[in-house]
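The values are calculated or read from the model by the stated rules, or taken from the named source; none is laboratory data. Since we're looking at a predicted model, the values are computed, not measured. We place every Cβ from the backbone using ideal geometry, glycine too, and count neighbours over all the protein chains shown.
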């Protein structure tokens, strides 16, 4: 869930076991803290906002990020605590962080042939799925995450033209980087523990949220 106001962040914090005191009056008094009303939501990284804390010498500003995924809520510090001398500088940093957070975080996956076929065609040819040995394709992927076949350019072998030239590689060029060969490792897509051919895929964190 993307929180779109300081009020929503405060409600989520009050319901959290670990962060319920974050906005409590006594906490704010202790740090001589203020909370800016400006928020910068991002689809994948959370909602960014700014607090300020005053010590003996001066007031400094901190960029924070609040994340709510299902029942789990957290508040983190982006960069250094009290790392900005001005509110404007901290607000601009929060805005940039939110803009970057609109690009989903990805992770490499190793999937079986059936999961690859479902990614490519929407179905596979095996009717045995649903047992312990043959789980439903992609059933081990978190519900909020997306999956696409293949790997990013950076994941290819060092001598592969896709890594060297990226999208400028010749259209006729083919490589074997995404064919991971026979492995005994569990399929990241369905959780099948039987050995077999594995293929590269990419998971996208919270893409469906």
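For the range 153-174, the condition holds for at least one residue, the condition being that it is under 21 Å from the mean Cα position of the chain (by Cα) and either in contact (Cβ under 8 Å) with a residue 40 or more places away in the chain or in the same structural domain as residue 44 (by TED's automatic domain parsing) (or both). One residue alone among 42, 37 is under 18 Å from residue 95 (Cβ atoms) and buried (at least 17 other Cβ atoms within 10 Å of the Cβ), and that residue is 42. One residue stands out among those in the range 109-123 that are surrounded by fewer than 18 Cβ atoms within 10 Å (Cβ to Cβ) and modelled with pLDDT of 90 or more: the one that is nearest to residue 205 (Cα to Cα), which is 110.
Scanning the range 167-199 for residues that are assigned to a loop (DSSP other than H, G, I, E, B) and in contact with a strand residue (DSSP E or B) (Cβ under 8 Å, 6 or more places away or on another chain), we see that the one that is farthest from residue 141 (Cα to Cα) is 177.
Residues in the range 1-21 that are in a loop (DSSP other than H, G, I, E, B) and modelled with pLDDT of 95 or more: 1 in all. On the stretch given as the range 71-97, residues that are more than 19 Å from residue 6 (Cβ to Cβ) and either in a strand (DSSP E or B) or in contact (Cβ under 8 Å) with a residue 60 or more places away in the chain (or both) total 1. Evaluate the following for residue 70: is it surrounded by fewer than 17 Cβ atoms within 10 Å (Cβ to Cβ), at pLDDT below 90, in contact with a helix residue (DSSP H, G or I) (Cβ under 8 Å, 6 or more places away or on another chain) and at positive phi? No; evaluated as a whole, the condition is false for this residue.
Of the residues 69, 29, 60, 20, the single one that is within 30 Å of residue 199 (Cα to Cα) and not assigned by TED's automatic domain parsing to the domain that holds residue 152 is 69.
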